[in-house]
Amino acid sequence: MKVFLMSHVADLDGVMPVVLTDLAFSDYDYQLLDIAEVDPFIEEKLASDFFHSYDKVFLTDLGVSKEVAEKIENSPLKEKLQILDHHQSNLFLNEYSFGKVVVSKDGILQSGTSLYYQYLLMHHANTLLARDSVSYMVSLVRLLDTWEWKKYQVTDALDLGTILAYYGNEKFIQNYVSFLRNHLEFSFTETEKILLETDKNKKQEYFKLKKEALIKKEIAGYQVGIVFAEQYISELGNTLAEELKEEIDLIMIIRMDHSLSFRSVKEDVDVSKFARLFSGNGHVHAAGAPLPSHIHEKVIDFILEGMIQSEN
Ligand SMILES: [Mn+2]
């Protein structure tokens, strides 16, 4: 059986399904994608009959538009595809035989990884997948992605996110495929523990600088705290939202290399709605939106046009 996996490039919940795929299937390929890349990727691959050579195709922690879902519905991919996602805005995909979008089940918030893991245990169970090390790591991913780690104070979850940021996606995948194949219990290595300890100090410093540089704007009736950042996005957003909750409704993080991220800790602020102003989506307290691809050009133009001093 040959498997193709498409999953979210941007975080642990999107990357972990690749590790699980390796444990479940011997023959597979994968592609990590940004939210905005999914529709064009699938449309292109449908046109070239790319999926023909695969028996099963998964899309995890991501969804497709209604338009692309209809194209899939009328193609052979329909019989091979399984979408497993937990984003509220993709719930409409449950209308299709290939869509399974679950935000919460039995009172437990789901994630792309936890849904995929449940699917694999049900349809492709093996002794590797059943290991404590694997189920614990899946639970860490879910706790981090839903930010429930905070409620239960499972700092391993946050630390696993930090390890991903250090290793990068490919190295993280290689590392944990090998770790899980060789260990029955999950643990960080001694080197990783030193790294995590060092990182804590660096992170505190980074958060302090970002808080000082925060710019406040009123957007659509909300008081928004805006910062530029490339690292620790979720933790930074949640920390600032918590620390500044008296004066700010939500935090907007501009991640120039990637996207916009929105975080709030307030009961009555739904950032997934706010994200829609920017053609984004997500969850009630954590959402995102793509940045237009020409934004870097625009910034460079602004610097060149607005900043270069005339010679005369
Ligand atoms: Mn997710």
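Assess whether Ile83 counts as being under 19 Å from the mean Cα position of the chain (by Cα) and open to solvent by 40 Å² or more (accessible area, probe 1.4 Å).
On the way: under 19 Å from the mean Cα position of the chain (by Cα): yes; open to solvent by 40 Å² or more (accessible area, probe 1.4 Å): no.
Criteria not met by Ile83.
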Taking the range 227-245 and keeping only residues that are within 18 Å of the chain's Cα centre (by Cα) and of a type in the set (Asp, Glu), one is left with Glu230, Glu235
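Conditions (1) under 14 Å from the mean Cα position of the chain (by Cα); (2) free of Cβ contacts under 8 Å to residues at least 24 places away in the same chain; (3) closer than 20 Å to Leu184 by Cβ, marked per residue:
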| residue | (1), (2), (3) |
| --- | --- |
| Leu129 | no, no, yes |
| Asp132 | no, no, yes |
| Met137 | no, no, yes |
| Arg142 | yes, no, no |
| Trp147 | yes, no, no |
| Lys150 | no, no, no |
| Gln153 | no, yes, no |
| Ile163 | no, no, yes |
| Tyr166 | no, no, no |
Could you tell me which of the residues Leu20, Leu32 is within 16 Å of the ligand (Cβ to nearest atom) and either part of a strand (DSSP E or B) or open to solvent by 60 Å² or more (accessible area, probe 1.4 Å) (or both)?
Leu32
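Only one residue in Lys2, Lys45, Lys66 is basic (Lys, Arg), open to solvent by 20 Å² or more (accessible area, probe 1.4 Å) and within 19 Å of Val101 (Cα to Cα). Which one? Full working, then the answer.
Values: Lys2 fails: within 19 Å of Val101 (Cα to Cα); Lys45 fails: within 19 Å of Val101 (Cα to Cα).
None of the other options fit; the residue is Lys66.
Give me a count of the residues in the range 257-283 that are within 23 Å of Tyr167 (Cα to Cα) and open to solvent by 40 Å² or more (accessible area, probe 1.4 Å).
Within the range 257-283, the subset within 23 Å of Tyr167 (Cα to Cα) is 257-261.
Then drop every residue that is not open to solvent by 40 Å² or more (accessible area, probe 1.4 Å), which leaves 257-258.
Selection size over the range 257-283: 2.
Out of Gln153, Gln174, report the one residue that is within 23 Å of Arg263 (Cβ to Cβ), at pLDDT 95 or above and open to solvent by 40 Å² or more (accessible area, probe 1.4 Å).
Numbers: Gln174 fails: within 23 Å of Arg263 (Cβ to Cβ).
Residue meeting the stated conditions: Gln153.
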I'm told Val141 meets every condition in (1) at pLDDT below 95; (2) open to solvent by less than 40 Å² (accessible area, probe 1.4 Å) except one. Can you identify the failing condition by its number?
(1)
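Kindly state which helices (runs of 4 or more DSSP H) lie completely within the range 125-214 and contain at least 1 residues that are outside the structural domain of Ser104 (by TED's automatic domain parsing). Before you say what the answer is, go through the steps one by one.
Details: elements: 132-145, 149-152, 155-167, 169-182, 190-212.
The qualifying helices (runs of 4 or more DSSP H) are 190-212.
The values are calculated or read from the model by the stated rules, or taken from the named source; none is laboratory data. Keep in mind it's a predicted model, so treat the numbers as computed, not measured. A quick note on method: Cβ atoms are made from the backbone with ideal geometry, for glycine too, and the neighbour counts reach across all protein chains shown. Just the protein is used for accessible areas: all its heavy atoms, side chains included, with ligands, DNA and RNA removed. Shrake-Rupley method; radii C 1.70, N 1.55, O 1.52, S 1.80 Å.
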